2 protein chains.
Amino acid sequence: MARSKTEKRDPATSLALLWGEQEPPRRGPRPSLTTARIVVVAIGIADAEGLDAVSMQRVAAELDVTTMALYRYVPGKADLVDLMVDAALGPAAAVADVPGGWRPQLAAWARRSWGLYCRHPWILTATAMRRQAMGPNQLSWLDAALAALAGTGLSAAHRHHTVLLVIGHIRSLAQQRADGDEQADQEWNRLTAELLERHRDRFPALTEAIAAGAFAPPDDDPLDFGLERILDGVAALIERS
Amino acid sequence: MARSKTEKRDPATSLALLWGEQEPPRRGPRPSLTTARIVVVAIGIADAEGLDAVSMQRVAAELDVTTMALYRYVPGKADLVDLMVDAALGPAAAVADVPGGWRPQLAAWARRSWGLYCRHPWILTATAMRRQAMGPNQLSWLDAALAALAGTGLSAAHRHHTVLLVIGHIRSLAQQRADGDEQADQEWNRLTAELLERHRDRFPALTEAIAAGAFAPPDDDPLDFGLERILDGVAALIERS
DNA sequence: ACTCAATTGCTTATGCAGTACACAGTAACT
DNA sequence: AGTTACTGTGTACTGCATAAGCAATTGAGT
């Protein structure tokens with residue numbers, strides 16, 4: 001099967017970079033750049049124009065250096081993206097002091113996580129379907145969510161799966177959000193709706209649901225419905241055990 | 001913000017192709033290929049070597065034609081991928097005859113959907129974070145899930161959100177599965193675990209969860225936990241209303 | 001102070017990707 | 001037979017990631 005691209009990364013080097021575990025150079029000219037500065041610029045591009053706009057050439061141009069200069073700081077693009085993700089995540093927000101126990105805490109965690117995906121939608125693509133090196137910030141988010149579930153009596157495996165479930169929901173929302181937002185997509189939606197109308201007999205339940213307003217823009221927070229269902233389900237599991 | 005790539009597609013043309021709504025050519029030499037044949041070959045490559053291995057050149061070579069010949073059948077790569085997705089999905093399985101009401105039906109739907117993502121993991125990337133043209137098969141899957149929820153008394157919006165919640169879970173699992181399966185990834189996991197151990201004080205809950213076996217390979221179906229939680233949550237909502 | 005090795009940024013070059021364009025041949029409609 | 005709509009092909013352009021070699025810069029060891 002397949003990892004993305006040719007998979008030439010050296011895990012040890014990549015992880016050392018991601019965790020900031022590498023000795024500064026002893027000799028040679030002073031570096032004119034920092035890994036951090038490169039990452040900041042790259043994130044800026046991704047925020048403004050999407051992940052596809054982040055090419056090595058583009059980042060280098062923004063920094064007024066040659067493309068190849070970047071390779072003195074970062075082994076390759078994959079590592080740069082990993083760094084971007086971890087930097088964009090930042091350290092996890094503390095939710096331990098949210099009152100009310102695991103449920104409000106996990107909800108707060110989800111809400112902040114969701115906010116992150118809204119501010120940096122490219123995180124979704126950056127972490128999708130590729131071996132992704134996990135940096136300290138990413139782990140801190142995971143840790144925070146697990147901490148919220150610590151007192152529930154759930155097994156470790158169940159706690160872990162619960163967190164993954166919530167993350168999955170958030171990512172799923174981020175995905176949908178990326179799909180429907182922009183004006184160019186209106187044309188797609190219009191034409192698809194037309195097609196659906198023409199084949200309405202093949203999709204009775206869908207046709208009916210649309211007629212009943214299933215796809216109308218919601219007025220409440222899109223995160224809420226799924227999050228409440230999931231937390232209800234988890235609550236039921238907790239009570240049962 | 002940003003769609004992937006330069007966004008030069010014509011929605012009308014792309015959708016017509018996807019829905020098979022285009023008149024066959026009246027004159028000229030017989031086409032030596034079919035769109036369908038191209039798609040089958042492309043899916044074969046994606047199944048065997050991942051989506052990254054699917055390049056126009058590669059597909060063309062497999063079919064013994066020039067790269068540019070493909071463009072007589074498909075406007076561009078994005079459209080090819082859309083066709084691949086819809087073809088790989090196939091028509092939705094009927095779950096209306098699954099006994100026991102909405103819950104077993106939706107569970108059965110989820111299970112078949114999950115099977116699809118297992119057989120064709122590239123579907124995840126293919127549908128991630130890009131404007132994706134929805135073809136008839138994709139809509140039929142959506143329709144089938146909505147049909148399962150038709151008798152529940154849920155509002156159309158809630159039915160829709162419920163389906164999206166389940167899809168999100170499935171995709172989330174597919175994502176995780178893509179991450180951890182392969183032998184090359186063992187090295188990553190080992191080194192990450194080492195790093196985590198060295199910084200264990202920064203991630204107490206995570207460290208504790210791992211020690212308690214949270215990441216041990218599960219013996220039951222990975223789909224089950226999340227699916228049951230979600231369905232429990234939905235069931236609670238249905239009872240309440 | 002002098003030498004040397006490590007490290008910098010730059011230049012040049014390779015290979016692969018998607019795709020635009022113009023050509024020559026082919027089959028149906030007039 | 002001629003026109004027209006189509007076919008597959010060759011060539012070419014652009015953008016991408018990245019490898020290799022070069023000259024300049026610096027600190028450590030003498």
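What the table below lists for this structure:
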read-out	value
Matching residues, segment B:149-198, being basic (K, R) and within 8 Å of another protein chain (Cβ to nearest Cβ)	B:R159, B:R171
Meets criteria (within 10 Å of DNA strand C (Cβ to nearest atom) and surrounded by 13 or more Cβ atoms within 10 Å (Cβ to Cβ)) for A:T34	no
Enumeration of residues in segment A:70-111 that are in the same structural domain as A:V39 (by TED's automatic domain parsing) and without any contact (Cβ under 8 Å) to a residue 24 or more places away in the chain	A:Y71, A:K77
Criterion (modelled with pLDDT under 95, within 11 Å of DNA strand C (Cβ to nearest atom) and not assigned by TED's automatic domain parsing to the domain that holds A:W114) met by exactly one of A:Q57, A:Q22	A:Q22
Counted residues, segment A:144-160 - those being surrounded by 21 or more Cβ atoms within 10 Å (Cβ to Cβ) and part of a helix (DSSP H, G or I)	7
Qualifying residues in segment B:1-19 (those that are of a type in the set (A, V, I, L, M, F, W, C) and at pLDDT below 90) - the one least open to solvent (accessible area, probe 1.4 Å)	B:A2
Every pair of residues 6+ apart whose Cβ atoms lie under 8 Å, when the first sits in segment B:19-40 and is touching a residue at least 12 places away in the same chain (Cβ under 8 Å) while the second is open to solvent by less than 90 Å² (accessible area, probe 1.4 Å) and of a type in the set (F, W, Y)	B:P31/B:Y73; B:L33/B:Y73; B:T34/B:Y73; B:T35/B:Y73; B:I38/B:Y73
Lone unmet requirement of (1) open to solvent by less than 20 Å² (accessible area, probe 1.4 Å); (2) at negative phi for A:H120	(1)
Any hit, segment B:2-10, residues being within 14 Å of another protein chain (Cβ to nearest Cβ), assigned to a helix (DSSP H, G or I) and more than 13 Å from DNA strand D (Cβ to nearest atom)	no
Segment A:40-54 - residue that is more than 15 Å from DNA strand C (Cβ to nearest atom) and open to solvent by 10 Å² or more (accessible area, probe 1.4 Å) and, of those, farthest from the other protein chains (Cβ to nearest Cβ)	A:V40
Filtered residue count, segment B:60-87, keeping only those that are farther than 17 Å from B:G50 by Cα, open to solvent by less than 50 Å² (accessible area, probe 1.4 Å), more than 14 Å from chain A (Cβ to nearest Cβ) and within 9 Å of DNA strand C (Cβ to nearest atom)	4
Set B:A128, B:A205, B:A133: member being over 13 Å from the mean Cα position of the chain (by Cα), surrounded by 17 or more Cβ atoms within 10 Å (Cβ to Cβ), within 10 Å of another protein chain (Cβ to nearest Cβ) and outside any helix (DSSP H, G or I)	B:A133
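The values are calculated or read from the model by the stated rules, or taken from the named source; none is laboratory data. Quantities reported herein were computed from a predicted structural model and do not represent experimental measurements. Glycine also receives a Cβ, built like all others from the backbone with ideal geometry; neighbour counts cover every protein chain displayed. What goes into the accessible areas is simple: the full protein's heavy atoms, side chains included, and nothing from ligands, DNA or RNA. Shrake-Rupley method; radii C 1.70, N 1.55, O 1.52, S 1.80 Å.
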